[in-house]
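Structure first, then comments.
Please treat every number below as a calculation from the coordinates, not as lab data. Since the model is a prediction, treat every value here as computed from it, not as a measurement. Because the Cβ atoms are built from the backbone with ideal geometry, glycine has one as well, and the counts that use them run over all protein chains shown.
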């Protein structure tokens, strides 16, 4: 019988727990940028090969290479160094929030 990582009968041995990895992403479909920190569990299978489980906000999620854009749902994301998106957003000019032009009535 063959087992795969994560099977109930698999001899998964945690190699490391409590590891965190952070990534920045940009969607190649809609241009949205976001950052995500993952809790990572590293395991060894019966053949002593390493595999990882990724968790975000307490839920198991696909690995970062398969990240889904929270804006459009596409899986066409480019991975960047953590902090890149936050740095770009910090440099963008802020505008005063108020009534937007489409709500103005001109007489």
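Worth pointing out:
- The label-point distance for residue 80 and residue 32, in a model that sets each label 7 Å from Cα toward Cβ, rounds to 1.6 nm.
- Its residue count N sets the reference 2.2 N^0.38 Å, and the alpha-carbon radius of gyration of region 13-89 equals 1.21 times that reference.
- Residue-span extension gain [residue 59 to residue 47] - 0.36 nm each, minus C-alpha spacing: 1.6 nm
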